[in-house]
1. Restricting the first residue to segment 64-80 and requiring it to be over 17 Å from residue 183 (Cα atoms), which pairs with a second residue that is in a helix (DSSP H, G or I) meet a Cβ separation below 7 Å and a spacing of at least six or different chains?
2. Looking only at helices (runs of 4 or more DSSP H) that fall completely inside segment 1-118, which ones have 1 or more residues that are open to solvent by 30 Å² or more (accessible area, probe 1.4 Å) and at pLDDT 85 or above?
3. Does segment 162-171 hold any residues that are open to solvent by less than 20 Å² (accessible area, probe 1.4 Å) and hydrophobic (A, V, I, L, M, F, W, C), and which are they?
4. I need the full set of residues from segment 172-190 which are at pLDDT below 90, crowded, with 19+ Cβ neighbours inside 10 Å and not in a helix (DSSP H, G or I), in order please.
5. Across segment 140-149, what is the number of residues that are of a type in the set (A, V, I, L, M, F, W, C), part of a helix (DSSP H, G or I) and surrounded by 13 or more Cβ atoms within 10 Å (Cβ to Cβ)?
6. Hey, among the residues in segment 168-215 that are among the hydroxyl-bearing types (Ser, Thr, Tyr) and in contact (Cβ under 8 Å) with a residue 60 or more places away in the chain, which one's nearest to residue 30 (Cα to Cα)?
7. I'm trying to understand the selection: among the residues of segment 127-176, which are more than 13 Å from the chain's Cα centre (by Cα) and closer than 30 Å to residue 71 by Cα?
Amino acid sequence: MSLFELIGLGPQGWGRAVAAGAAMTLLVASLGFALGLLWGAAAAAARLSGVAPLRWLSAVYTTVVRGVPELLVLYLLFFGGGALFRAIGEAFGYGGAASADAFGAGVVAIGIISGAYSGEVIRGAVRAIPPGQIEAARAFGMSPAQRLRLVVLPQLLRYALPSLGNVWQMTLKDTALISVTGLVELMRTTEIAAGSTRLPFVFYTLAILVFLGFTALSNAAFHWAEQRFNRGIVRGRPA
């Protein structure tokens, strides 16, 4: 069998399996990144609030998650989650086996990790907004919702997008860790293909090329978004 047939979409090729694994990788990364944005926004709001316990909890969350290996977070949720489910089941009289779902644990773990970084990015972006603009919006009689929609969010996105692009790239690469749970994403698929064909160089190179393709498309998308939100800005000042 030729190399092109081996990685092709034919009945004996691995192309369809690799494509399905790549789609799973994108799905996990997208859901984890979206979940991370929600948690990051909540962490940033807590860190900027005037409530001391919320600031403390947010600081602990971002510091601890950014300070430990990502794989430990995944192990804690996947294997520790199974133990927690079994304990809950035993408390209610259920003695059967219980385990954490690989997909759900992966998405939540990726969300927790990206949320810690996104929270710091969003907090820094909010602090970068000139306070005078908020005061001017308040002086014009804008409601809090109007200030958030018309003044804060557009500038927050302008300041945060470059760093959020880096968080997305990190999230995309972190999906490779989920292969340890047995979820058949891109890394797990190429690992199986490499073991079955005894051609690890071919399939791991293919995985590299797929990730590089994701990176190129992501860079283009974030570059377009940065240009979109920087319209009317000249040399760092409003035109």
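1. 65/73; 65/112; 65/113; 65/116; 66/116; 66/117
2. Numbers: elements: 3-6, 15-48, 52-67, 70-91.
Of the helices (runs of 4 or more DSSP H) lying wholly inside segment 1-118, those with at least 1 residues that are open to solvent by 30 Å² or more (accessible area, probe 1.4 Å) and at pLDDT 85 or above span 15-48, 52-67, 70-91.
3. Residues of segment 162-171 that are open to solvent by less than 20 Å² (accessible area, probe 1.4 Å), as a first pass: 164-165, 167, 171.
Within segment 162-171, 164, 167 meet the criteria.
4. Scanning segment 172-190 gives a single hit, 183.
5. 1
6. So, considering only residues that are among the hydroxyl-bearing types (Ser, Thr, Tyr) and in contact (Cβ under 8 Å) with a residue 60 or more places away in the chain, the one nearest to residue 30 (Cα to Cα) is 171.
7. Matches in segment 127-176: 157, 159, 160, 161, 162.
The values are calculated or read from the model by the stated rules, or taken from the named source; none is laboratory data. The structure displayed is predicted, hence computed values, not measured ones. Here the Cβ is made from the backbone with ideal geometry for all residues, glycine too, and neighbour counts use every protein chain on show. What goes into the accessible areas is simple: the full protein's heavy atoms, side chains included, and nothing from ligands, DNA or RNA. Shrake-Rupley method; radii C 1.70, N 1.55, O 1.52, S 1.80 Å.
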